[in-house]
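Q: Submitted below is the structure of interest, expressed as structure tokens.
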Amino acid sequence: MELSMMNLKSTESAKVNSRLPYFLIWGLVLVWMLLVWPGNMVREDASSRSIADDDRKTDHITQDLPVIQEFYPKYDRLYSVGFVLNREEGAVSEGTVSFKLYDEQIHLLAQQDFLMEEIADGSLTEVILNQKVKAGELYYFRIEVSGLLDKAPTLSYRSLSGCGPEENGQLYFGSNVIEDGSAVCRYEYRKKVGLAQVLAYDSFGVLMGMVLTEMVRQWKKKKELEVEMEKKSYGKK
């Protein structure tokens, strides 16, 4: 009787162990689906930037005379902001450029400082933020320069009317409005995927689960066949 109970327990244990890989596979599939939705861990890239126009330049930017750009983000995760500074004949070699991000209540959300030597003259400088924001609400970015030993840089801007990016509102130099001004900039986002994308990602997870399940099934079948062959070979001896 005790031997029969031991054999029964051994059989049940073998069944559980044989199912364990399948539990793991479909457990991972479930985790994947939950990360896609409602977790929103899978996101797509989106970008918005200024379009072609003749660049204009602000006056020289200092700590007391910063440039401030209003903008209204399109999505809820602002990954980066790019802007363009200029050096007059490459003159600026020392100093610190501070980029600051504020919400509508002028709360500082993020700040990143660059050495002037890290700023490419007339090219896009990207600030990585990965900041959660509220789409459609007002935000500001402010650029100021301190510790200068030479001429201060200027900011490139274009016409606000039709030259984008569409997020931009009013541009300020110090406390003065730059009429019809929009900073030359680029906004990079990580946006939530829509229903169609959610279904596509979920389908991919299910498909991978089915493929792995079949691979495990074939592997187990092969192993069982090898064991059976060994038993037959041992029986002949």
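Q: Identify the GluC sites (Glu not before Pro) of the range 84-155 meeting these criteria: DSSP loop state and at most 15 other C-beta atoms within 10 Å of the C-beta.
A: Of the GluC sites (Glu not before Pro), the ones in loops of the range 84-155 whose Cβ has at most 15 other Cβ atoms within 10 Å are E94, E104, E137.
Q: Sticking with this structure for a sec: For the pair E44 and K220, what calculated FRET efficiency results from E = 1/(1 + (r/R0)^6), where r is the Cβ-Cβ distance and R0 = 35 Å, to the nearest 0.05? Please list the in-between numbers first.
A: Working: r = 38 Å, r/R0 = 1.09.
For K220 and E44, the calculated efficiency is 0.35.
Q: Shifting gears a bit: Using the Kirkwood formula on the Cα atoms of the range 62-167, what hydrodynamic radius do you get, in angstrom to one decimal?
A: Computed over Cα pairs of the range 62-167, the Kirkwood hydrodynamic radius comes out at 14.5 Å.
Q: Under a 5 Å amide H to amide H cut-off, with H placed in plane at 1.01 Å, what residues pair with L160 once short-range neighbours are removed?
A: Close amide H contacts, sequence-distant or interchain: G181, S182.
Q: Do you know the Lys pair count in the range 44-192 for C-alpha distances under 24 Å, with sequence separation 8 or more or different chains?
A: Lysine pairs meeting both conditions in the range 44-192 amount to 15.
Throughout, read-outs are computed from the coordinates displayed, never taken from laboratory work. Worth saying up front: this structure is predicted, and the values here are computed from it rather than measured. We place every Cβ from the backbone using ideal geometry, glycine too, and count neighbours over all the protein chains shown.
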